[in-house]
Amino acid sequence: AEPTGAAEEGGSGDETIAIGFSQVGAESGWRAANTKSIQDTLTAENGFDLSFSDAQQKQENQIQAIRSYIAQGVDVIAFSPVVETGWDPVLQEAKSAGIPVVLTDRAVDSEDDTLYESFIGSDFVLEGEMAGEWAAEQYDGEGFQVVELQGTTGSAPAIDRKEGFATAIEGTDLEIIDSQTGNFTRTEGKQVMEGFLQKYDDIDLVFAHNDDMGLGAIEAIEAAGMVPGEDIKIITIDAVKDGMQALADGKINYIVECNPLLGPDLADIAKKVVAGEEVEKRIVVKDEAFDQEAAIEALPTREY
Ligand code: AHR
């Protein structure tokens, strides 16, 4: 792409990088923080010309967006794949057009890892394991019945967090009695939890694949006349502000973080890729975990 005034004024002499980013959607507080991080980082001042599109959680919209970035001839394409499979044809088209692709947040399930340059994101299996290990530590021996609110069907975080949690509670007396998707949204998390509460009268623990579904479950539990965090324990993943507030208030019992601030790493990798430099194929973002005390301490300075 041609240099812009902003890049020249910056004195770097670098050309502006045209980057097309296809976002999953706006399904959660995590996603809002992730979008903000990307838009705040890939700015003209930082040498980028960002085209951003929201796929509304639909793979066909993402494929369409990627095809339009290829047609525009951007310098680099980045995207967060809504589901794991079905990307090879469009990634092949980008490769044939000579446009490098960077994956952020979620992985693709492809045999051919030359179809993308780098994948920046958390280890979702580890997140599920951390949640399951804490549940096992706290509640093993109590015969807990667990319901699981899964993320979007076919998405990397739903598949991996489910696997990690199940592995961590193996050999304990915690039992997953039901597991359904709430599509990572508060509304669907609430609906699915309402269904669980009608079907079972002995739920002890909810494992929600993100804070938003956990917050929806809180509403359903309260509407059913029970106390979330006490009558029914809740473990979630993300650690966005609303989730952390519920943890501080005792309505959620434990949260494993998923860091959404991927903008700076993406900017760095995009610059290197466009300059033809070698980049790491996998950049693992580190996550923490919070109990009530840690949430109270972290909340005042929490960025998102
Ligand atoms: O891919 C990351 C997941 O997607 C987050 O945990 C969830 O909140 C978001 O929708």
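A few comments on the model shown:
- Taken over the C-alpha atoms, the stretch 39-185 has Rg and Dmax values of 18.8, 59 angstrom.
- Compared with the dominant Cα axis of the chain, that is its longest principal axis, helix 186-199 is turned about 30°.
- Estimated at the nearest 10 Å², the accessible area of THR153 is 100 Å² with a 1.4 Å probe.
- Here the calculated FRET efficiency for LEU261 and ILE177, from their Cβ-Cβ distance with R0 = 30 Å, stands at 0.25, rounded to the nearest 0.05.
- One decimal place: the segment GLN198-GLU280 gains 24.7 nm when fully extended, by the rule 0.36 nm per residue minus the C-alpha distance.
- A simple spin-label model places the labels of ALA32 and ALA223 2.1 nm from each other, with each point 7 Å out along Cα-to-Cβ.
- Percentage of interatomic Cα-Cα distances in the chain larger than 26 Å: 46 percent
- Per-residue [θ]222 nm for the chain (sum of -39500 (n - 2.57) over DSSP H runs n ≥ 4, rounded to 500): -12500 deg cm²/dmol
- In straight-distance terms, cross-link reach from LYS251 covers every one of the lysines whose alpha-carbon lies under 21 Å from its own, apart from those fewer than eight places away in the same chain; here that gives LYS190, LYS233, LYS241.
- Site pair ASP54 and ARG302 shows an inter-label distance of 2.2 nm when each label is modelled 7 Å from Cα along Cα→Cβ.
- Carbon and sulfur %, accessible surface of the stretch 99-235 computed with the full protein complex present, 1.4 Å: 42 percent
- Put a plus charge on the Cβ of each Lys and Arg, a minus charge on the Cβ of each Asp and Glu, and nothing anywhere else: the dipole of the stretch 175-235 about its Cα centre is then about 180 debye.
- Whole-number accessible area per residue in Å² for the stretch 125-281, which is evaluated in the context of all protein chains at 1.4 Å: 39 Å²
- Relative contact order for the stretch 159-216, counting Cα pairs under 8 Å that sit 6 or more residues apart, in percent: 38 percent
- On Cα atoms only, tilt of 156-169 relative to the major axis of the chain in degrees: 40 degrees
The values are calculated or read from the model by the stated rules, or taken from the named source; none is laboratory data. Only a predicted model underlies this, so the values are computations on that prediction, with no experimental measurement involved. Methodologically, a virtual Cβ is constructed for each residue, glycine included, from the backbone with ideal geometry; neighbour enumeration extends over all protein chains shown. Calculation scope for accessible area: heavy atoms of the full protein, side chains included, ligands and nucleic acids excluded. Shrake-Rupley method; radii C 1.70, N 1.55, O 1.52, S 1.80 Å.
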